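In what follows, a single structure is set out as structure tokens and then discussed.
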Amino acid sequence: MEEQLSLLELVWNASFTVQLVMVILLLASIFSWYMIANRYLYFRNANDEMYRFEERFWSGIDLSQLYREGSEKGSDGSVILGMESIFRAGFKEFSRLAQQPEMDSEAVIEGSRRAMRVAVMREEERLERHLAFLASVGSTSPYIGLFGTVWGIMHSFRGLANSTQATLATVAPGISEALVATAMGLFAAIPAVLAYNRFASRVEVLSNRYDTFVDEFSGILYRQAFALRSREKKSV
Amino acid sequence: MTTSLYAKPVMPRIIVRPALVTLLIHGVLLYVLMTNWDASDRDIIRVKPAPNVINARLVDVSEISKPKPAPVKPRVVTVKPKPNPKPMPPKPRVAVSKLKPEKPMQKPVPKTKPPPAKPVPNQRSSRDILAAIVRDELASVDAQAQATETADEMSASFVSLIKRTVVRSWSRPPSARNGMECELSIQLIPTGEVVSVKLIRSSGNSAFDRSAINAVEKASAFPELRKLPSREFEKNFRRLTLIFKPEDLRY
């Protein structure tokens, strides 16, 4: 009969609270794994895009040409992410402001920098998505599991108090079932914590790269703006 | 373009692969856990039949004291299909039957008289068969002599030893009847002590069940098991199944 403790039986015969804890932890584990995989792919894409774009950007291509290529890509339905979207935000703002002759070059640069900063913010927001979830799974699920275990052990000791013949066999299944909850909590928490730390550092790296790019790009825009204005002055 | 940049952040659709990965990881984990979990138990259970279900019949402690060849020969010729224990006198107590070691021998002997004329090959083949049947008992007797015997034989001898010890301490209630049968699962530790006795199948008579459990508890330890190599012990003796049936009762 109950001489073999199968894992399923353990879970099935657990008390309601412990089962609830297990369900929560299972969901936490499923979601956090989903997000880990999702983030992993997203970061890989972002990295690839960034390198590809940087290479293209510094290859000496005409910037308005680069902008047009991006527009074509956008109209195909693919989403423009990462460094390219920062570039597009800055460049668009720059060209829009540069067409207004009453704006001086400082104002044009300032405007395009602001647009790029906004785009960087948006990028960071995208990168950091779901990371909070991973962090909270990592920090809370051991406690949830521990709660299930403590509850289960409490339960089985109460049963022990009621039974006349106290043997190890009367408490052992209860404790074993309770410990499953802790195991599940740790199973959910460990990958979540590891992934959170890894992804957080990658967010850091990527947003540093973006900031650097913003500075580099605004240097270029500076040059262009002054050149543009001085040409206009000459022609006037 | 303007809309997408300043509206709600557009996320690229990465759904299918993470979902697959998640399912895969949890599926694999569950599978590994289930199989490993069961495997450790199933191993023990699979070998349960290996001890060959000890038939705790009340018989022949007496036979052990006899010289080996002597009991074999007479039986060979006479009662080949019926292994000797059953025809034994219905005395249930082993202790009692010890006192009359000669009886089982003498009974067969008169019958043996006619057949000795039988052809020799027949005799030999039937002797082989019988030898296999009685090996349990014999093996335990000269366990020392057969230091080189195979592991199987060794565990068989320990099985018969356990059987004898248990039978010796078994006292059956008066309500025991012939068709009764109860099955116990006992758990041993390497020092030979019994750590738990569990009733797996009841005979329907609680007194009988209790007597069986008491017998095992009274035997309580089989210190000889210490000599068993631990691998053999783990394989066959960690869990044992004992079947108790009072076959030799007349009523």
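The values are calculated or read from the model by the stated rules, or taken from the named source; none is laboratory data. Everything quoted here is computed from the prediction, not taken from an experiment. Every residue, glycine among them, receives a Cβ derived from its backbone with ideal geometry; neighbour counts consider all protein chains shown.
So A:Y143 fits all but one of (1) loosely packed, with under 15 Cβ neighbours inside 10 Å; (2) closer than 30 Å to A:E9 by Cα; (3) touching a Leu at 6+ places or on another chain (Cβ under 8 Å); what number is the exception?
It fails just one condition, (3).
Select from the stretch B:191-233 the residues that are basic (K, R) and within 14 Å of another protein chain (Cβ to nearest Cβ) and write down the one among them that is farthest from B:P246 (Cα to Cα).
B:K198
Of everything in the stretch A:38-62, what is within 8 Å of chain B (Cβ to nearest Cβ), more than 18 Å from A:A188 (Cβ to Cβ) and in contact with a Lys or Arg (Cβ under 9 Å, 6 or more places away or on another chain)? Give them in sequence order.
A:L41, A:Y42
Please find, within the stretch A:146-172, the residue that is surrounded by the fewest Cβ atoms within 10 Å (Cβ to Cβ) out of those that are outside any helix (DSSP H, G or I) and more than 14 Å from chain B (Cβ to nearest Cβ).
A:T164
Can you find a residue that is out of contact with any strand residue (DSSP E or B) (no Cβ under 7 Å at 6 or more places or on another chain), modelled with pLDDT under 80 and among the polar types (S, T, N, Q) anywhere in the stretch B:220-235?
So far as the stretch B:220-235 goes, yes, one or more of its residues are out of contact with any strand residue (DSSP E or B) (no Cβ under 7 Å at 6 or more places or on another chain), modelled with pLDDT under 80 and among the polar types (S, T, N, Q).
Residues A:M22, A:M35: which one is within 11 Å of another protein chain (Cβ to nearest Cβ), part of a helix (DSSP H, G or I) and crowded, with 18+ Cβ neighbours inside 10 Å?
A:M35
Kindly evaluate A:S136 against the criterion of being crowded, with 20+ Cβ neighbours inside 10 Å and either among the aromatic types (F, W, Y) or more than 14 Å from every other protein chain (Cβ to nearest Cβ) (or both).
Here the answer is no, as A:S136 does not meet what is asked.
Restricting to the stretch A:89-103, count the residues that are more than 14 Å from chain B (Cβ to nearest Cβ) and of a type in the set (S, T, N, Q).
2
Among the numbered criteria (1) in contact with a Leu (Cβ under 9 Å, 6 or more places away or on another chain); (2) within 30 Å of A:I24 (Cα to Cα); (3) of a type outside the set (S, T, Y), which single criterion is violated by A:E123?
The one condition A:E123 does not meet is (2).
Does A:G60 fit the bill of being part of a helix (DSSP H, G or I), without any contact (Cβ under 8 Å) to a residue 40 or more places away in the chain and of a type outside the set (A, V, I, L, M, F, W, C)?
Answer is no for this residue.
Filter the stretch B:3-39 down to the residues that are modelled with pLDDT of 75 or more and within 7 Å of chain A (Cβ to nearest Cβ) and list them by number.
B:I14, B:R17, B:P18, B:A19, B:V21, B:T22, B:I25, B:H26, B:L33, B:M34
Go through (1) crowded, with 16+ Cβ neighbours inside 10 Å; (2) in contact with a strand residue (DSSP E or B) (Cβ under 6 Å, 6 or more places away or on another chain) and name the single condition B:E193 misses.
Among (1) crowded, with 16+ Cβ neighbours inside 10 Å; (2) in contact with a strand residue (DSSP E or B) (Cβ under 6 Å, 6 or more places away or on another chain), the lone unmet condition for B:E193 is (1).
Could you say which residue among B:I200, B:I162 is within 16 Å of the chain's Cα centre (by Cα) and farther than 11 Å from B:V216 by Cα?
After applying the criteria, what remains is B:I200.
Scan the stretch B:183-196 and report the pairs whose first residue is at positive phi and whose second residue is among the basic types (K, R), with Cβ atoms within less than 8 Å and a gap of 6+ or a chain change.
B:G192/B:R226
Residue pairs, Cβ under 9 Å, 6 or more apart or interchain, first in the stretch A:97-112 and surrounded by fewer than 18 Cβ atoms within 10 Å (Cβ to Cβ), second in a helix (DSSP H, G or I) and among the small types (G, A, S). List them.
A:M103/A:G111; A:D104/A:A225; A:E106/A:A225
Consider A:V205 carefully, then state whether it is of a type in the set (A, V, I, L, M), more than 26 Å from the chain's Cα centre (by Cα) and in a helix (DSSP H, G or I).
no
Name every residue in the stretch A:79-98 that is farther than 16 Å from A:F226 by Cβ, modelled with pLDDT of 85 or more and not basic (K, R), in order of residue number.
The answer is A:M83, A:E84, A:S85, A:I86, A:F87, A:A89, A:G90, A:F91, A:E93.
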